[in-house]
Amino acid sequence: MQSSRSKPCSCPSLKLREVASMYFTLVAAFLVILVVALQGSAPRQSDFPYKVPLDPQGLLELSWNVSYPEQAVHFQLLIRELQFGLLFGMSDRGEFENADLAVLWSDGHSSYFGDAWSDAKGQLHMDSQQDYQLLGAHRAPEGLYLLFRRAFSTCDPKDYLIEDGTVHLIYGILEKPVRSLQAINVSALHGGLQRVQLLKPNISIPQLPRDMKTMEITAPDVVIPSQETTYWCYMAELPEGFPKHHIIMYEPVVTAGNEALVHHMEVFQCAAEFDSFPLYNGPCDSKMKPERLNYCRHVLAAWAMGAQAFYYPEEAGLAFGGPGSSRYLRLEIHYHNPLVFKGRRDSSGIRLYYTATLRPYDAGIMELGLVYTPVMAIPPGEDNFILTGYCTDKCTQLALPAAGIRIFASQLHTHLAGRKVVTVLSRDGRERQVVNADRHYSPHFQEIRMLKEVVAVFPGDELITTCTYNTEDRSRATVGGFGILEEMCVNYVHYYPQTQLELCKSAVDPGYLHRYFNLVNRFNDEEICMCPQVSVPQQFYSIPWNTFNRDVLKSLYGFAPISVHCNKSSAVRFPGEWEKQPLPSISERLREPGPRCPPAPGPQPAAPVPLQLGQLRR
């Protein structure tokens with residue numbers, strides 16, 4: 001009789017190890033299909049809205065997009081002339097030492113991609129946590145496209161934390177095959193750096209009016225000088241009787257082929273107190289430049305490499321034209337020409353979009369930070385010296401409307417020693433909000449940046465701007481002032497509605513600084529001349545900068561009363577008592593934002609990804 005039990009299955013039994021092997025094989029196959037799909041065609045340009053040339057010749061072009069939900073940046077790197085690979089990455093100030101790198105290299109036969117880091121000596125190491133995730137590689141007529149992804153924060157101590165503000169990107173080209181990643185000699189690479197704002201704000205584009213017109217302020221086919229750095233000035237003139245309009249948007253106009261040479265551009269409006277200005281066209285530092293052009297300082301537009309169009313909020317526009325407004329504009333272009341190209345012609349500039357249909361509010365620009373004065377100084381040899389400027393509650397109480405103002409954009413500014421700039425809003429003694437912060441600030445990369453969220457400032461609020469400086473390469477004190485080797489600490493905030501308040505800044509009380517000079521003089525055998533005819537800079541220059549003199553100056557700036565400049569656009573202070581004002585008392589400070597670590601994907605092997613790119617150039 002046949003048993004009621006079913007017959008045993010003739011299929012071979014699968015062990016757990018075999019099941020796991022099949023699973024990972026399927027996953028690998030899926031990844032291959034995914035990579036092949038990515039390699040099938042060049043990505044759509046709309047997928048990567050931000051673009052910047054990395055090198056002066058334009059052989060390396062970086063495009064990227066930002067995903068705030070994923071907390072990640074997706075990169076597309078176009079290599080127009082691939083040799084034996086390249087390094088791409090980020091570091092604190094653009095150094096190749098202590099850098100976080102994505103590396104493509106070839107031994108002459110096979111190619112590899114991996115996440116690496118460099119130590120203090122520039123030696124490369126494969127990262128134990130592979131956070132530059134390769135998404136695909138694709139050859140096209142214009143070159144090789146590499147697609148890869150990187151989270152803002154990886155919580156890997158060897159990785160760079162991508163945050164708001166300036167990011168120093170570095171690149172290096174491998175001109176010879178290398179046996180391994182460790183064999184790459186960073187010091188022998190042909191490389192460089194590019195500064196960008198990677199984390200662009202996710203702002204919706206406002207509706208533009210139908211009567212919008214455009215005006216281009218461009219250089220008149222100038223020959224770019226064959227030197228590394230040139231600031232070019234060109235004067236333009238609005239039509240006679242040009243009525244009041246609102247600028248609602250502007251964007252760059254860059255001559256094709258010069259994308260890697262035009263570093264940044266600004267349009268300034270001249271002072272209305274002068275009836276006319278010379279129509280100059282030439283280098284800004286030329287002895288032939290008319291002195292009167294120094295009165296063209298009111299910023300209308302500013303653009304830096306990597307930036308896109310700038311939009312004003314729908315309810316506000318920047319006024320220009322009409323009574324009380326100068327007809328004269330100054331375009332300033334910074335050409336960065338490290339390869340010293342000769343004979344390049346350029347007609348770059350800025351395109352203004354404007355309307356005669358005025359919006360509800362005029363936008364205004366207000367200066368925050370420190371007054372341009374030598375009483376604020378930085379000793380030589382400092383790696384991290386801090387100065388702070390205050391827009392006090394007394395000033396905002398007097399000068400701002402009851403409904404307050406709304407800050408929507410900001411331009412940070414220092415001279416060559418500046419390394420970090422932060423402006424914080426304080427209310428009732430408590431820090432409430434960061435207005436703008438750049439912890440990797442560079443004086444060589446300054447642009448007007450739209451804020452991720454509008455900041456409301458009310459009467460009685462305080463705006464505190466702190467700048468950090470490095471003077472390790474200097475042998476004497478650096479004082480505040482207008483000269484490039486002097487220093488500034490400024491935040492130009494763009495806001496609405498416009499008020500009479502144009503400048504809200506501070507400096508240490510001069511009387512207390514005089515007491516400082518007296519004190520250090522007694523402790524340094526009368527080395528400092530206290531004669532009335534000796535200027536403040538000369539007194540700073542004569543100080544022997546020992547530890548005591550440095551610490552006392554830091555302490556002075558941290559407790560001494562301040563002189564507050566609460567100024568109207570006429571440069572006249574609002575009525576009130578502004579001398580010897582106490583420093584704002586802050587009882588609660590904002591916590592430094594910590595890195596947001598993504599979910600751990602599990603241990604990944606510290607091994608490069610092989611790429612089939614064919615025979616590379618010999």
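Within the stretch 364-379, residues that are modelled with pLDDT under 95 reach partners that are in a loop (DSSP other than H, G, I, E, B) and among the β-branched types (Val, Ile, Thr) with beta carbons closer than 7 Å, at six or more positions or on different chains, in the pairs Gly364/Thr499. Does at least one position in the stretch 443-455 carry a residue that is within 15 Å of the chain's Cα centre (by Cα), in a strand (DSSP E or B), assigned by the TED database to the domain that holds Cys391 and under 20 Å from Ile386 (Cα atoms)? No, there is no match, as no residue in the stretch 443-455 is within 15 Å of the chain's Cα centre (by Cα), in a strand (DSSP E or B), assigned by the TED database to the domain that holds Cys391 and under 20 Å from Ile386 (Cα atoms).
Residues of the stretch 215-231 being in a strand (DSSP E or B), under 15 Å from Ser286 (Cα atoms) and open to solvent by 30 Å² or more (accessible area, probe 1.4 Å), which ones? Thr229, Tyr231 - these are the residues of the stretch 215-231 that are in a strand (DSSP E or B), under 15 Å from Ser286 (Cα atoms) and open to solvent by 30 Å² or more (accessible area, probe 1.4 Å).
For the residues Asn518, Asn436, the requirement of being buried (at least 22 other Cβ atoms within 10 Å of the Cβ), of a type outside the set (Ser, Thr, Tyr) and touching a residue at least 12 places away in the same chain (Cβ under 8 Å) singles out Asn436. Summed over the stretch 290-306, residues that are outside any loop (DSSP other than H, G, I, E, B) and touching a strand residue (DSSP E or B) at 6+ places or on another chain (Cβ under 9 Å) total 8. Among the residues making up the stretch 307-333, those that are open to solvent by 10 Å² or more (accessible area, probe 1.4 Å), closer than 30 Å to Asn65 by Cα and not in a strand (DSSP E or B) are Ala307, Gln308, Ala309, Pro313, Glu314, Glu315.
Residue-wise test of (1) at pLDDT 75 or above; (2) at negative phi.
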position: Asn549; (1), (2): yes, yes
position: Val552; (1), (2): yes, yes
position: Gly576; (1), (2): yes, no
position: Leu583; (1), (2): yes, yes
position: Leu590; (1), (2): yes, yes
position: Pro605; (1), (2): no, yes
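For the stretch 258-289, a residue qualifies if it is out of contact with any strand residue (DSSP E or B) (no Cβ under 9 Å at 6 or more places or on another chain) and more than 30 Å from Tyr361 (Cα to Cα), and exactly one does: Lys287.
Look at (1) under 25 Å from Tyr312 (Cα atoms); (2) buried (at least 18 other Cβ atoms within 10 Å of the Cβ); (3) at pLDDT 95 or above and you find that Thr388 fails only one, number (1).
Look at the stretch 103-125: where a residue is over 23 Å from Arg149 (Cβ atoms) and a partner is among the acidic types (Asp, Glu) and open to solvent by 50 Å² or more (accessible area, probe 1.4 Å), sitting 6+ places away or on another chain with Cβ atoms under 6 Å, you get Ala120/Glu97; Gly122/Glu97.
The values are calculated or read from the model by the stated rules, or taken from the named source; none is laboratory data. None of these values were measured; they are calculated from a predicted model. Quick reminder, even Gly has a Cβ in these numbers, built from the backbone with ideal geometry, and neighbours come from all protein chains shown. Accessible surface areas use protein heavy atoms only, side chains included; no ligands, DNA or RNA. Shrake-Rupley method; radii C 1.70, N 1.55, O 1.52, S 1.80 Å.
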